[in-house]
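These notes concern the structure reproduced below.
The values are calculated or read from the model by the stated rules, or taken from the named source; none is laboratory data. The model shown is predicted, which means the values in this text are computed figures rather than measured ones. Methodologically, a virtual Cβ is constructed for each residue, glycine included, from the backbone with ideal geometry; neighbour enumeration extends over all protein chains shown. The accessibility values were calculated without ligands, DNA or RNA, using every heavy atom of the protein model including side chains. Shrake-Rupley method; radii C 1.70, N 1.55, O 1.52, S 1.80 Å.
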Amino acid sequence: DVGTLGLVYQWGRKDPFLGSSSISEGVDAKSTINWPEPIRSSSTTGSIDYVTSHPINLICLPERNEYYDWQYLQDDTRWQSNKTIYDPCPAGWRVPDGGENGIWNVADFSDTPSDRVNYGKSFNISTPSTTWYPASGYREYSNQLSDVGELGHYWSVTPVESSSQSKNQAYDLYFLYYSDFVDPVDDFPIRIDALSVRCQKE
């Protein structure tokens with residue numbers, strides 16, 4: 001069901017962007033509004049005040065920004081293990097922890113075959129229970145839906161430790177639809193891209 005793909009979020013923002021209306025390719029879901037073109041990050045537009053008052057504006061890179069973050073001044077506190085007001089999950093739920101101590105690693109979301117009919121993976125969380133994750137792709141900061149039906153990217157609240165190479169990154173769950181590969185501690189995604197969120201009970 002394409003409804004399982006859901007919406008996508010830039011890291012640390014509470015307001016969503018459209019996902020795909022197809023489980024196998026990137027086709028913008030229908031909307032009752034006209035979505036604007038992405039806006040370049042600046043000291044004004046790359047602030048929490050701006051994105052809170054302009055929730056449908058995807059923030060893209062300024063002319064010069066090696067960190068690939070929508071925030072002009074990086075802030076690692078927007079999403080936390082203790083739920084913040086910027087967390088997009090409903091009451092009683094939150095964006096999960098990531099990295100080595102994150103829920104996906106602790107629950108042993110290891111390499112597992114894909115469902116090649118329904119474009120996703122069913123992970124064994126306890127016998128006989130499973131949990132379904134669709135290969136929902138992501139929305140690039142250019143506003144293009146990418147890799148729908150090919151991979152899954154699910155945000156955590158956990159930033160990658162800041163260094164010259166990782167100031168723009170946060171941990172996620174990452175998997176490939178067309179192979180068994182699963183990485184429960186992926187640290188590649190850049191915070192300016194909009195990824196899926198799978199809420200965890202508080």
### Query
If you wrap a convex hull around the Cα atoms of the range 25-176, how much volume per residue is inside, in Å³?
153 Å³
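Considering only protein heavy atoms and a probe of 1.4 Å, how much of the accessible area of the range 29-111 is carbon and sulfur, as a whole percent? It would help to have the intermediate numbers written out before the result.
Values: 2450 of 4950 Å².
Heavy-atom surface of the range 29-111 belonging to carbon and sulfur, 1.4 Å probe: 49 percent.
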### Query
To the nearest 0.05, what FRET efficiency results for residue 77 and residue 127 with a Förster distance of 45 Å applied to their C-beta separation?
0.70
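Using only alpha carbon pairs under 8 Å that are at least six residues apart, calculate the relative contact order of the chain and give it in whole percent. Mind showing how you got there, number by number?
Details: 489 pairs, mean separation 51.5, N = 202.
Once normalised by length, the contact order is 25 percent.
Restricting to Cα pairs below 8 Å that are 6+ residues apart, what does the relative contact order work out to for the range 18-74? Please round to a whole percent.
Details: 63 pairs, mean separation 17.4, N = 57.
Relative contact order for the range 18-74 comes out at 31 percent.
What does the charge dipole of the range 27-81 about its Cα centre add up to, to the nearest 20 debye, if the Cβ of each Lys and Arg holds +1 and the Cβ of each Asp and Glu holds -1?
Numbers: 4 positive and 8 negative charges, 34 e Å.
Result for the range 27-81 is approximately 160 debye, rounded to the nearest 20.
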### Task
For residue 22, enumerate residues with amide H under 5 Å from its amide H, sequence gap 5+ or separate chain, H modeled in the peptide plane.
27
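What dipole magnitude, in Debye to the nearest 20, does the chain give about its Cα centre under +1 on Lys/Arg Cβ and -1 on Asp/Glu Cβ? List each step's numbers first, then the result.
Numbers: 15 positive and 28 negative charges, 120 e Å.
Value, rounded to 20: 580 debye.
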### Query
Got a sec to turn the phi values of the range 105-110 into Karplus ³J(HN,Hα) couplings, 6.51 cos²θ - 1.76 cosθ + 1.60 with θ = phi - 60°, whole Hz, x for Gly and Pro?
6, 5, 7, 6, 6, 9
### Task
Give, rounded to the nearest 20 debye, the magnitude of the charge dipole that the range 74-146 has about its Cα centre when Lys and Arg contribute +1 at Cβ and Asp and Glu contribute -1 at Cβ.
280 debye
### Summary
All alpha-carbon distances of the range 115-202, grouped into 10 Å bins from 0, give the whole-percent distribution 17, 46, 30, 7, 0
### Task
Of the options 114, 77, 16, report the single residue whose Cα projects farthest towards the positive end of the charge dipole of the chain (beta-carbon charges: Lys, Arg +1; Asp, Glu -1).
16
### Message
Tell me the accessible surface of residue 63 in square angstrom (1.4 angstrom probe, heavy atoms of protein chains only), to the nearest ten.
### Response
150 Å²
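Please give the calculated 222 nm ellipticity per residue for the chain, where each DSSP H segment of at least 4 residues contributes -39500 (n - 2.57) and the sum is spread over every residue; nearest 500 deg cm²/dmol? Walk me through the numbers on the way to the answer.
Values: 2 runs with 10 residues, N = 202.
Here the helix-only value at 222 nm equals -1000 deg cm²/dmol.
Once the piece of chain linking residue 100 and residue 180 is laid out straight, how much longer is it, given 0.36 nm per residue of separation minus the C-alpha distance between them?
Working: separation 80, 0.36 × 80 = 28.80 nm, distance 2.02 nm.
That works out to 26.8 nm of additional length.
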### Message
Name the residue from 68, 57, 123 whose Cα lies farthest towards the positive end of the charge dipole of the chain, charges +1 on Cβ of Lys and Arg and -1 on Cβ of Asp and Glu.
### Response
57
